[in-house]
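The values are calculated or read from the model by the stated rules, or taken from the named source; none is laboratory data. If you're wondering where the values come from, they're calculated on a predicted model, not measured in any experiment. Glycine also receives a Cβ, built like all others from the backbone with ideal geometry; neighbour counts cover every protein chain displayed. Surface accessibility is based on the protein's heavy atoms, side chains included, excluding ligands, DNA and RNA. Shrake-Rupley method; radii C 1.70, N 1.55, O 1.52, S 1.80 Å.
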Amino acid sequence: MSQWVDLSKTNKEYKLFYWPQMLGRGEFIRLLFVETDTDFEEVSEDIEWDTFKVVYTAANKPFFAMPAICHTENNEEFWLSQTSVILKYLATKLDDGRLLPEAEKDRFQAEMIMEGICDLVAEGHDTFHAIDRNASYDSQKEQVKPFVKYYQTVRLPRWIRFFGHILLVEYRKFHSNNDNDENNYYNDVRELENQVYLVNNQLSYVDLALFHVFDGNRFQFPDTYHQLTHLFEEINEESSDNDIETAKGNYLLFLTVNKIGNMDKIKQHCASRKYNFTGTGPIF
């Protein structure tokens, strides 16, 4: 068994430990650093995968699995792993806590949403590695096709509907427009697309996470994503109330993901990334 060796090269306050040249779960954390203008070290940058893997599979490393961060404050190192825990911690620390909801109930709401996002990530990953979670997608590509199809046609629609419903509830809390007419409603939300967030109509860390997880699913399943987020194109006089509600929420998710992706810092970051999604599973 290899021994833990810290491969970091700087004394920066924040260090991110994640696999080389991979967006994955590490991108959730990068987005918070980017949006808050926080300097950090990407420890795996310019390190070969095999070298990094040997070190970070060591039994005595200070975390179980990546992503992990090391925050050095007053010459004391503080280590954290688990994506949702890291994000809440950073939202508390960075930019005077701007990305952390202020009210206690809102913070719990954000945590609930983040746990759902992590569940979606895990489900997507395990779908593309259904035979062997530790083996590459390419090594089981043919065998996992039924699992991928089920995820694409059954599970992804349910997740989009879930997050879309949260956004629809938030929309109705802050906008009193009469949306009984679905056509007028969609005109309204297009005009108000810059005013819908997941928690209390305020940008928080879970909005950035929502962007990443659905940006990855959009890359993996572009046609399915477009169809599911534009169900309003199929709405007619025979559509049920549930169908109309789903169409509204799904479209709000589409607007929110686009809105976050078009924020100046996030847009610049995504455009300048050295690597992108690989098509080997949502967000990876």
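Just checking, how many residues over segment 117-126 are in contact (Cβ under 8 Å) with a residue 24 or more places away in the chain and open to solvent by 10 Å² or more (accessible area, probe 1.4 Å)?
Adding up the residues that qualify gives 3.
Quick check on residue 171: is it surrounded by fewer than 21 Cβ atoms within 10 Å (Cβ to Cβ) and more than 14 Å from the chain's Cα centre (by Cα)?
no
It is to be established whether one or more residues within segment 226-239 are of a type in the set (Val, Ile, Thr) and closer than 17 Å to residue 121 by Cα.
no
Out of everything in segment 242-256 that is of a type in the set (A, V, I, L, M, F, W, C) and closer than 24 Å to residue 216 by Cβ, what residue ends up being farthest from the chain's Cα centre (by Cα)?
The residue in question is 247.
Say we look at segment 224-238 and pick out the residues that are open to solvent by 10 Å² or more (accessible area, probe 1.4 Å) and at pLDDT 95 or above; which of these is farthest from the chain's Cα centre (by Cα)?
227
Restricting the search to segment 48-64, which residues are more than 27 Å from residue 95 (Cα to Cα) and either within 25 Å of the chain's Cα centre (by Cα) or not aliphatic (A, V, I, L, M) (or both)?
Passing the criteria: 48, 49, 50, 51, 52, 53, 56, 57, 60, 61, 64.
Pick from 254, 221, 277, 284: which is open to solvent by 30 Å² or more (accessible area, probe 1.4 Å) and closer than 20 Å to residue 156 by Cβ?
Values: 221 fails: open to solvent by 30 Å² or more (accessible area, probe 1.4 Å); 277 fails: open to solvent by 30 Å² or more (accessible area, probe 1.4 Å); 284 fails: open to solvent by 30 Å² or more (accessible area, probe 1.4 Å).
Result: 254 is the single residue among 254, 221, 277, 284 that is open to solvent by 30 Å² or more (accessible area, probe 1.4 Å) and closer than 20 Å to residue 156 by Cβ.
Filter segment 239-281 for residues that are in contact with a Leu (Cβ under 8 Å, 6 or more places away or on another chain), outside any helix (DSSP H, G or I) and modelled with pLDDT under 95 and give the result.
Selection gives 275 alone.
Can you give me the ranges of the helices (runs of 4 or more DSSP H) entirely in segment 114-208 with at least 3 residues that are modelled with pLDDT of 95 or more?
145-150, 156-174
Does segment 33-45 contain any residue that is in contact (Cβ under 8 Å) with a residue 40 or more places away in the chain and among the small types (Gly, Ala, Ser)?
Looking for residues that are in contact (Cβ under 8 Å) with a residue 40 or more places away in the chain and among the small types (Gly, Ala, Ser), one finds none in segment 33-45, hence no.
Of all the strands (runs of 3 or more DSSP E) wholly in segment 1-106, which have at least 3 residues that are open to solvent by less than 20 Å² (accessible area, probe 1.4 Å)? Explain how you work it out, then say what you get.
Working: elements: 14-17, 68-73, 76-81.
Of the strands (runs of 3 or more DSSP E) lying wholly inside segment 1-106, those with at least 3 residues that are open to solvent by less than 20 Å² (accessible area, probe 1.4 Å) span 14-17, 68-73.
Residue 142 fails exactly one of the following numbered conditions: (1) touching a Lys or Arg at 6+ places or on another chain (Cβ under 9 Å); (2) farther than 28 Å from residue 8 by Cβ. What is the number of that condition?
(1)
Take the conditions among the basic types (Lys, Arg), under 24 Å from residue 88 (Cβ atoms) and open to solvent by 10 Å² or more (accessible area, probe 1.4 Å) and apply them to residue 265. Does it pass? Show your work before the answer.
On the way: among the basic types (Lys, Arg): yes; under 24 Å from residue 88 (Cβ atoms): yes; open to solvent by 10 Å² or more (accessible area, probe 1.4 Å): yes.
Criteria met by residue 265.
Being without any contact (Cβ under 8 Å) to a residue 40 or more places away in the chain, over 25 Å from residue 276 (Cβ atoms) and not in a helix (DSSP H, G or I) is the filter here; which residues of segment 209-238 pass it?
236, 237, 238
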